[in-house]
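Read through the structure below, which is laid out as structure tokens, and then see the notes.
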Amino acid sequence: MATVPNINSLSRKTSNVSDISDFQDNISEKTLLKLGGGGNNVNATTAKVLESGKGAPSSWESCYYCPRENFKAVNEFVKHLRERHCTREGGSFVCRYGFNGVCPSLPLDGVSDRDYDAHVAKYHVNQQTREMPPEWSVFSAAQNLPAVLNDPSRGKQSNLFTKKWGVDFVERNHVPATSYLPEVTHNDFEKYLAKIGKRYKRHERLSSQQAMALEDTSSKGTMPSSPSHDVNLNSIPDIFLKENLNLQHAPTFGQVFPDILQSPSGEERRRTGRLLQEQLSHYLDIVEVKIAQQVSQKSAAFFHAMTSQDAIMTEMQEAAKKVKALRTSLRALNETVVVDTFRVLRYAQRRQNFEEVLDKLRLMATVHKTQPMLQLLLGTQDYVAALDLIGTTQEILTQELIGVHCFKHLPMQLNEMEKLIDKMLTTEFERYATTDLNRPLCDVLNETDSVCAEEDKLVCIVMGLLRMKNFSFVDAYKDEALVTIKAIIKQLVIEFIASSDAELCLTGAGEEAQSLTIGEWIALLAKVKVALLTVLQRIHAVTHIMRQTTDAAAGGCCKARSEQSTGVKATQETAVNLIDSEAFLTASDQSQVHEKLDELLTAVCHYCHERCANLVSQQSLEKSVATAEEISQLSSLVDDFAQGCEAICGVAIVPLKVAVKVQASRFANRFHTERKQKLAILLDTERWRQVDIPNEFQKIIDRICDNKEFCGAGSAANITTALTNGHAQANPVLLVESKPYTLVGSALLLVQMLCEYCRCAQRLPIVAGYLARNVVDLLRTFNSRSCQLVIGAGALRVAGLKTITSTNLALVSRALQLVLWLLPKIKTHFQAFDSTAVAGFDIIERDYNGHIKEIENKIYGIVSDRVAMQLDSWDARPPIPSQCFRIISRHLVKLHEAIAPILPEQQIHAIYSIVHKNFKDKLRERLLNLNIINNGGPQHGVVTSELTFYMETLRTLKALPAADLDDSIRESIWNF
């Protein structure tokens, strides 16, 4: 049980009370002990004051863990615990009122609702001592079981399930001191202690003197002189200091009045009562003395508070006087200055209101005149001004004149008027487009009037349509232009058929004529081209004005441009009379209109090309193939028309070019087929003998060597006649860059055909790509067919040859070499027209080189086989030279006689080098079989004599380079 502390400790505790009001509140709660016969209770609050010396708060008045929560009643505290510090798990309640959410009295167990209330009342509401929660530190941290089990750095732990859960479940690691913080020692504080030591000693001395002075003053001024001041509260029984003193309780009443009921007589009872009353009075005097001591200790603070209150009252009186004086001044200022000023401002505001009303009335009068003004503007074709007036009026009605009853029907009338203007503009534009496009056509060279009629009217209409954001007029103009072009083409076709003697008919929409030849199509296309370019020039002039009007409506300026068509120069007037108005088109709208205009020009030009390409049915065109002259005229005509359209729309148009290319491809296919068939016939009848070279052919080659041009040559018929009749002016060989070429007749005609292909490509560039591919096909045909006839021995059956000689092989090789010399020049010629069509020339070059290599293999293969056959029967014995070596020498001489007049010296050396190598290899093999060695014996001498004879034959023929004609073979032959 708590006891009342002694007087010194009580005085120290009460001295900590900073305000007299707090102490008075505590005193007001205390009551004196009242003892009487009636058995009055000792007040519990008095016992609490006597026990602690100050008013300590109860445990339910505030929450440990919610510092801002204070409660006035117990039920509020209990409700707070249930809401904030309690969790419900099923039907059980778990108390969480404790450190880290764990109640020390009920840690983890759940209880019923009734038991939870009893737990709160016992351990939290009626808690005697208020213990503060422990301060958190790093040692308060703990780890949960999943974190420990999932630690990847620990691995498998054998004693995991034998440990006891707690703070020691995980081993603590020693954390070394950081290297970034220096070690602090006592020497670091010496400078500070030396500086602050004197001040601290002086502070301690003054504090001790002040405490002694206060103690002397308290002992002299507040201690009573009565000897009872030494009495303390220990003499008062503990029963009177209990909080719940209930005299109705029999044991409590027996302790307070121990002997009053046990006295047998009344006199003893009265005497015992008087003694007890004196004892209780003594206890009451002790309590009164203690209370008087506490009051005396706080007297200084009480009088200080009273003095402060008097000073505050004096300051408040002075402040009240100043406020009263200020109010008087403000009242006078309001009467003399403010009232008149506000009256002036009110009059000014009234005048402004009158002016605003007058402006409204004038605005209403102006709006009232809107409809007559619209009629006037539409009469002068000022559509933009009319639309601007409608828009401005609608804006005024919705913003400034909203709610005016007399104008409630005007917005609907203006909307109807706007729709009417839109319809009127559309109708006027369609009428203008029809009138302008259907003007009589005349020759562009003789046209002197303006290309675009009524420019001012067009600008007004287009500006109005742009103001309405109605961009469909571009599509309407495109449709009208297409209809006009269709009608013009139909009329020209009808006129052409009427002027023709042949009976022709129209199909489809009247734009396609049957049974027209290529020449008639060209004539019709020439007339259509002039008419369509005239119409396209007019369309371009109208779109140019539309573009200028759009730029002006967008606030930009359009620079002047001069339009130029094929053979026609028409200068546009760049100054367009635009209506003065503010820019109302955005940049996106401007770009949209420009895109539509560009699409219009492109679509119209594309349509013109399609119609021109379909003037004649494909069936009639397939019946006849155009000549080179017709293809040239048609290509020139189409190029002129395409350039004119491209100058107008800025985009290349292809449909008509495709139709021309179809005719050109047919011409190229017929051209190639004729020459391919002729070449096949020549190859089948070729005897593979040397022919004389006509002078016309020599001139062709000389011209190609000089300027690399394939023009001005004689015809193939002349060359064929010269070959057949043996023209007097002929040479036995063809000189190409001073190198002789001995050729067959088919090779000459092949070169002539290649020149014809090149001349045709130069004259008709449109078919250059087809001709380049046809040249590749022609060269491939010559290569494959010549290989079949000579190497494959097909000429024995076709041309009636008895055998394929080395001379025949050499002539074919020389013809292939001439083609290889001519091939790069042909490739360069065609590459100037179409760089993508020369891809097959490289393959042809590889095929020809391979063919030449096969011919060389065939030539030295024949000789090598005969030499090997003679060496197989040779033996090292007299006579010298032997018959075998004589036959070998004879074969070498015959080969040289066959190929020397035809092949160049370098190629002859290459062939004989391979033959010589095969000879040495076969002779070494024979020497090994005969077991002849280099020992200076008779057989060695025979071999040396035979080799001397062999090398003498080669020297005579000069079949090998000079460096290989020495006698080194007599030594190298023995290098097995």
Filter the range 800-827 for residues that are in a loop (DSSP other than H, G, I, E, B) and either without any contact (Cβ under 8 Å) to a residue 40 or more places away in the chain or hydrophobic (A, V, I, L, M, F, W, C) (or both); which is farthest from ILE859 (Cα to Cα)? GLY800
When the range 901-915 is examined, which residues are found to be under 16 Å from LEU954 (Cβ atoms) and either modelled with pLDDT under 85 or open to solvent by 40 Å² or more (accessible area, probe 1.4 Å) (or both)? GLU905, ALA910, SER913, ILE914
Of THR805, THR828, which residue is surrounded by fewer than 20 Cβ atoms within 10 Å (Cβ to Cβ) and under 30 Å from LEU895 (Cα atoms)? THR805
Mind listing whichever residues of the range 335-357 are at pLDDT 90 or above and polar (S, T, N, Q)? GLN349, GLN352, ASN353
I need a count of the residues in the range 403-432 that are out of contact with any helix residue (DSSP H, G or I) (no Cβ under 9 Å at 6 or more places or on another chain), under 18 Å from GLY391 (Cα atoms), modelled with pLDDT of 75 or more and charged (D, E, K, R). 3
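Here is a yes/no grid of residues against (1) of a type in the set (Ser, Thr, Tyr); (2) more than 60 Å from the chain's Cα centre (by Cα); (3) modelled with pLDDT of 80 or more; (4) assigned to a helix (DSSP H, G or I):
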residue: LEU206; (1), (2), (3), (4): no, yes, yes, yes
residue: LYS220; (1), (2), (3), (4): no, yes, no, yes
residue: PRO264; (1), (2), (3), (4): no, yes, no, no
residue: LEU275; (1), (2), (3), (4): no, yes, yes, yes
residue: SER296; (1), (2), (3), (4): yes, yes, no, yes
residue: ILE312; (1), (2), (3), (4): no, yes, yes, yes
residue: MET316; (1), (2), (3), (4): no, yes, yes, yes
Of the conditions (1) modelled with pLDDT under 65; (2) within 21 Å of ARG547 (Cα to Cα), GLN590 fails just one. Which one is it? (1)
Hey, could you check the range 777-796 for residues that are crowded, with 20+ Cβ neighbours inside 10 Å and hydrophobic (A, V, I, L, M, F, W, C) and say which is farthest from the chain's Cα centre (by Cα)? ALA795
Collect the residues in the range 929-948 that are open to solvent by less than 60 Å² (accessible area, probe 1.4 Å) and among the hydrophobic types (A, V, I, L, M, F, W, C), keeping them in residue-number order. LEU930, ILE932, VAL942, VAL943, LEU947
If ALA722 satisfies all but one of (1) modelled with pLDDT under 85; (2) out of contact with any strand residue (DSSP E or B) (no Cβ under 6 Å at 6 or more places or on another chain); (3) in a helix (DSSP H, G or I), what's the number of the condition it fails? (2)
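Would it be correct to say that ARG675 is at pLDDT 80 or above, open to solvent by 70 Å² or more (accessible area, probe 1.4 Å) and under 30 Å from SER746 (Cβ atoms)?
no
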Criterion (open to solvent by 90 Å² or more (accessible area, probe 1.4 Å) and modelled with pLDDT of 50 or more) met by exactly one of ASP702, ASP706, ASP692, ASP684: ASP706
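In the range 725-765, which residues are assigned to a helix (DSSP H, G or I), farther than 19 Å from ARG703 by Cα and open to solvent by less than 40 Å² (accessible area, probe 1.4 Å)?
Correct list: GLY745, SER746.
Is it fair to say LEU903 is out of contact with any Cys (no Cβ under 8 Å at 6 or more places or on another chain) and in a helix (DSSP H, G or I)?
No.
The values are calculated or read from the model by the stated rules, or taken from the named source; none is laboratory data. Computed from a prediction, not measured in an experiment: that's the story for all the values here. We place every Cβ from the backbone using ideal geometry, glycine too, and count neighbours over all the protein chains shown. All accessible areas refer to the heavy atoms of the entire protein, side chains included, with ligands and DNA or RNA removed. Shrake-Rupley method; radii C 1.70, N 1.55, O 1.52, S 1.80 Å.
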